[in-house]
Amino acid sequence: MTPEQIRLKLEEMAKNNGPAVSNIAKVKSVNIQNSTCILVDEDGQEIFNVRLKPILNNNKSFVLIPKIGTNVLALRIEDDDDWMVIAADEIEKIGYYINDVLFEIDQTGFLLKKENETLKKIMVDLVSAIKGIQLLVTTTGTSSAQSGQTTAIVNLSDFEAIESRINDFLN
């Protein structure tokens, strides 16, 4: 028997006698607070407390919320009975969290947040400032040869404040 045949035979024995390392299953329910879900495999067996993020603690990093009833790919974590969803056919929400910065996507759109600032709030304030533009026109000089008009944006400070917020918010 060649080394390759031995390797294939050992792989086959492990596959037939050992626990599965991956599973495609259907999502039965999702517990967003605990970042877990219940899956049902192709044999109808339920897999409880399947992780939606790598570590189940109060920290946030990455979380994938699959749609109930959709198929997911779950992997066994090390040699344990713990499982984690790593991909989903349909997704309800994805979140990336790094300290006070977050990026979430769901069917309603995107949330980009840094500390207490959101991209939406900055954009709404920008549009409001644009709508509030008023021009100040002044005439200078005493003779017609020296006269001219100077136009200035009255709410220039609003735009400068918004520019500063954008620079602080985005890299």
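Among the candidates ILE55, ILE133, single out the residue that is part of a loop (DSSP other than H, G, I, E, B) and within 30 Å of VAL154 (Cα to Cα).
Working: ILE55 fails: within 30 Å of VAL154 (Cα to Cα).
Checking each option against the conditions leaves just ILE133.
GLN5 fulfils the conditions (1) among the polar types (S, T, N, Q); (2) farther than 16 Å from ASP89 by Cβ; (3) not in a helix (DSSP H, G or I) except for a single criterion, (3). Among the conditions (1) out of contact with any strand residue (DSSP E or B) (no Cβ under 7 Å at 6 or more places or on another chain); (2) within 30 Å of ASP168 (Cβ to Cβ), the only one that LEU10 does not satisfy is (2).
For beta carbons closer than 9 Å, sequence separation of 6+ or different chains, a first residue in segment 153-167 that is closer than 20 Å to THR138 by Cβ and open to solvent by less than 60 Å² (accessible area, probe 1.4 Å) and a second that is of a type in the set (D, E, K, R) and not in a helix (DSSP H, G or I), there are no qualifying pairs. Scanning for something free of Cβ contacts under 8 Å to residues at least 40 places away in the same chain, surrounded by 14 or more Cβ atoms within 10 Å (Cβ to Cβ) and within 20 Å of the chain's Cα centre (by Cα), does segment 15-34 turn up at least one residue? Checked segment 15-34: no residue is free of Cβ contacts under 8 Å to residues at least 40 places away in the same chain, surrounded by 14 or more Cβ atoms within 10 Å (Cβ to Cβ) and within 20 Å of the chain's Cα centre (by Cα). One residue is enough: does segment 115-123 have a residue meeting the conditions hydrophobic (A, V, I, L, M, F, W, C), without any contact (Cβ under 8 Å) to a residue 24 or more places away in the chain and open to solvent by 70 Å² or more (accessible area, probe 1.4 Å)? For segment 115-123, residues hydrophobic (A, V, I, L, M, F, W, C), without any contact (Cβ under 8 Å) to a residue 24 or more places away in the chain and open to solvent by 70 Å² or more (accessible area, probe 1.4 Å): present.
The number of residues in segment 50-80 being modelled with pLDDT under 95, under 13 Å from VAL30 (Cβ atoms) and open to solvent by 50 Å² or more (accessible area, probe 1.4 Å) comes to 0.
Quick check on segment 81-97. Is at least one of its residues modelled with pLDDT under 90, of a type in the set (Ser, Thr, Tyr) and surrounded by 11 or more Cβ atoms within 10 Å (Cβ to Cβ)? No. Would you call LEU56 closer than 30 Å to VAL40 by Cα and in contact (Cβ under 8 Å) with a residue 12 or more places away in the chain? For LEU56, the condition - closer than 30 Å to VAL40 by Cα and in contact (Cβ under 8 Å) with a residue 12 or more places away in the chain - is met.
The values are calculated or read from the model by the stated rules, or taken from the named source; none is laboratory data. Remember, it's a predicted structure, so these values are computed and weren't measured experimentally. Backbone-built Cβ (ideal geometry, glycine too); neighbour counts: all protein chains shown. For accessibility, only protein heavy atoms count, side chains too; no ligands or nucleic acids. Shrake-Rupley method; radii C 1.70, N 1.55, O 1.52, S 1.80 Å.
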